[in-house]
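Undergrad: Below is one structure. I have some questions about it.
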Amino acid sequence: MGRRSAHAQGDRPGMSGEDGDGERMLKPATRLVQAGRRAEWTGMPGDRGGIVNPPVWRASTILYEDVAHLRGTHMTDQHKLYYGRRGTPTSWALAEAITQMEPEAAGTMLFPSGVAAIAGALLAVMRPGDELLMVDSAYGPTRALCDGLLREFGVVTRYYDPQIGAGIANLVSDKTRAIFLESPGSLTFEVQDIPAIVAVAKASGIVTLLDNTWATPLLLPGLGLGVDISIVACTKYIVGHSDVMMGSVSANAALWPRVQRRGHMLGQMASPDDCWLALRGLRTLAVRLKEQGASALKVAQWLEERPEVASVLHPALPSCPGHDAWTRDFRGASGLFAFELRGGGEAERAAFIDALGLFGIGYSWGGYESLALPVDPDGLRTATPWDANRGPLVRINVGLEDPADLIADMDGAFGAWRAAMNG
Ligand SMILES: *Cc1c(COP(=O)(O)O)cnc(C)c1O
């Protein structure tokens with residue numbers, strides 16, 4: 001590449017989705033470094049050099065040279081400054097970088113949170129009178145959106161067993177517009193048979209949407225498995241530092257124009273400062289996921305051997321429902337999983353979590369710092385009720401600490417749990 005690498009361009013060979021004509025597709029980790037750093041977004045026009053990161057371009061008003069120039073610029077022109085809501089090179093660089101994580105993606109729309117991204121994607125696809133098939137292990141606010149706003153707008157949601165696979169065909173009616181997947185579920189971690197569900201959807205002209213927050217496109221290229229729309233709560237691993245809310249929706253060529261149009265119609269955008277931080281996070285995503293995934297598996301395997309633990313819910317463990325699908329479809333595991341305490345209730349679980357010194361107690365995940373959270377799937381499922389007799393669940397986000405320290409911390413906290421159980 002020589003001097004060209006001093007001003008990386010998003011549109012050069014190897015960065016596009018095309019793999020033909022002997023042009024070698026760059027590996028995912030390399031694309032994460034190169035993507036979105038176009039010369040026109042990192043340097044002055046006509047300049048051969050450039051700064052490394054696309055800077056923060058803040059704007060509402062864009063000034064035009066004259067009226068002819070104003071008239072000649074259209075809000076549908078991609079990558080032309082038009083008005084702040086249509087983005088600036090900072091958000092274009094992030095959107096392009098996320099698009100390039102999935103070779104089959106035609107484009108990416110950014111949203112101010114993961115939930116906004118899910119809403120934007122569903123509102124792009126669903127129409128009044130349609131039916132939506134929603135995985136029963138879905139993220140809570142996704143259910144709230146379906147049972148609230150979508151219902152009021154005439155969309156009927158039916159929940160299905162995350163392990164349904166090809167059996168989803170039995171739930172499809174002539175009103176079914178879309179199937180929504182989330183794999184694994186972020187509380188209970190069942191892995192879905194995505195190719196089997198996609199095959200049924202394609203045979204019936206049904207759109208598939210995937211909440212791919214747990215794996216990110218790096219560990220699960222959803223569109224490559226035939227999914228039409230891939231949604232990521234960037235708040236988690238893309239940002240990676242627990243300081244920005246952001247969501248993205250990437251779509252294949254057939255769905256992209258609709259996703260983009262509807263996102264614009266809803267006035268959705270992400271702030272340039274947040275996009276800049278998300279871009280900074282994205283550059284290290286591959287090493288963070290590798291490290292956090294390996295540490296999380298170590299902690300999970302250690303937990304499996306503990307007498308205080310009834311089960312560990314982690315896709316890379318053979319005991320996890322859908323583990324074979326995980327082995328087949330995923331390129332690795334991230335750092336979020338859960339485990340079930342062997343008995344006790346809310347008070348005993350709280351004794352364990354409160355005794356942890358290295359795990360923060362709080363919502364969200366995907367940051368560099370470890371977290372522990374009490375989670376209760378019972379009230380959140382309708383198609384496949386969670387067994388109320390199971391022990392309380394603790395969800396763990398493993399960060400970038402040394403896993404030996406995390407394990408020692410948990411070892412101590414189990415002492416507090418045992419004391420609470422015996423008290
Ligand atoms: C956190 C989360 C979301 C929502 O993201 P926000 O940025 O918090 O709105 C969506 N899906 C999953 C699986 C999540 O964990």
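Undergrad: Rounded, prolate or oblate: pick one for the chain, where a ≥ b ≥ c are the square roots of the eigenvalues of its C-alpha gyration tensor, a/c under 1.5 means rounded, and failing that, prolate if a/b is larger than b/c, else oblate.
TA: Note, shape of the chain comes out prolate.
Undergrad: Right, something else. Expected output is a single nm value to one decimal: the length gained when fully extending between GLN301 and ASP405, i.e. 0.36 nm times separation in residues minus the C-alpha distance. What is it?
TA: Extra length from GLN301 to ASP405 when fully extended: 35.9 nm.
Undergrad: I've got another one for you. Multiplying the sequence separation of THR327 and ARG418 by 0.36 nm and subtracting their Cα-Cα distance, what value in nm do you get?
TA: Answer, rounded to one decimal: 29.2 nm.
Undergrad: Grab the other residues whose beta carbon is less than 13 angstrom from that of LEU313, score K and R as +1, D and E as -1, and report the net.
TA: Counting the neighbours of LEU313, the net charge comes to -2.
Undergrad: Which part of region 179-204 falls in the paramagnetic zone of PHE153, meaning amide N under 19 Å from the point 7 Å along Cα-to-beta-carbon?
TA: Residues 179-181 fall inside that zone.
Undergrad: How long are the semi-axes of the equivalent ellipsoid of region 54-125, taking √(5λ) for every eigenvalue λ of the Cα gyration tensor, in whole Å from largest down?
TA: So the three semi-axes of region 54-125 are 25, 14, 13 Å.
Undergrad: Among LEU400, ILE179, GLN163, which residue has its Cα furthest toward the positive end of the charge dipole of the chain, with +1 on Lys/Arg Cβ and -1 on Asp/Glu Cβ?
TA: Result: ILE179.
Undergrad: A further question on this structure: Run the numbers for ARG258 and ASN53: contour at 0.36 nm per residue of separation, minus the present Cα-Cα distance, in nm.
TA: Between ARG258 and ASN53, full extension yields an extra 70.8 nm.
Undergrad: May I ask for the angle, rounded to the nearest 10°, between helix 114-125 and the longest principal axis of the chain, with both axes built from Cα atoms and the value confined to 0 to 90°?
TA: Rounded to the nearest ten degrees, it is 70.
Undergrad: Would you work out the charge dipole size for the chain about its Cα centre, treating the Cβ of every Lys and Arg as +1 and the Cβ of every Asp and Glu as -1, and quote it to the nearest 20 debye?
TA: 1240
Undergrad: With the dipole of region 285-421 worked out from charges on the C-beta (+1 for Lys and Arg, -1 for Asp and Glu) around the Cα centre, which of ALA338, GLY357, PRO385 lies farthest toward the positive end?
TA: PRO385
Undergrad: Can you tell me how region 285-421 classifies by the Cα gyration tensor, rounded, prolate or oblate, using a/c under 1.5 as the rounded cut?
TA: In terms of gyration-tensor shape, oblate.
Undergrad: Turning to a different aspect of this structure: What whole-number value in Å² describes the accessible area per residue of region 5-283 for a 1.4 Å probe?
TA: For region 5-283, the solvent-accessible area averages 41 Å² per residue.
Undergrad: Here is the link list: LYS175/LYS202; LYS27/LYS298; LYS236/LYS298; LYS27/LYS290. Which ones come out longer than 24 Å on Cα distance?
TA: LYS27/LYS298
Undergrad: For region 281-349, which trypsin sites (Lys or Arg not before Pro) are both in a DSSP coil and crowded by at most 10 other Cβ atoms within 10 Å?
TA: none
Undergrad: Would you work out the charge dipole size for region 285-421 about its Cα centre, treating the Cβ of every Lys and Arg as +1 and the Cβ of every Asp and Glu as -1, and quote it to the nearest 20 debye?
TA: About 360 debye.
Undergrad: For the chain, which whole-number percentage of the solvent-accessible area (1.4 Å probe, protein heavy atoms only) is attributable to carbon and sulfur atoms?
TA: So the carbon and sulfur contribution to the accessible surface is 54 percent.
Undergrad: So for region 266-328, Kirkwood radius off the Cα pairs, Stokes-Einstein at 20 °C and 1.002 mPa s: how many µm² s⁻¹?
TA: In µm²/s, the coefficient is 146.
Undergrad: Test of the criteria: in region 91-178, which trypsin sites (Lys or Arg not before Pro) are in a DSSP loop and have at most 12 other Cβ atoms within 10 angstrom of their Cβ?
TA: Answer by residue number: LYS175.
The values are calculated or read from the model by the stated rules, or taken from the named source; none is laboratory data. Computed from a predicted model, the values in this text were never measured in an experiment. Note that each Cβ is placed from the backbone with ideal geometry, even for glycine, and that neighbours are counted across all protein chains shown. Just the protein is used for accessible areas: all its heavy atoms, side chains included, with ligands, DNA and RNA removed. Shrake-Rupley method; radii C 1.70, N 1.55, O 1.52, S 1.80 Å.
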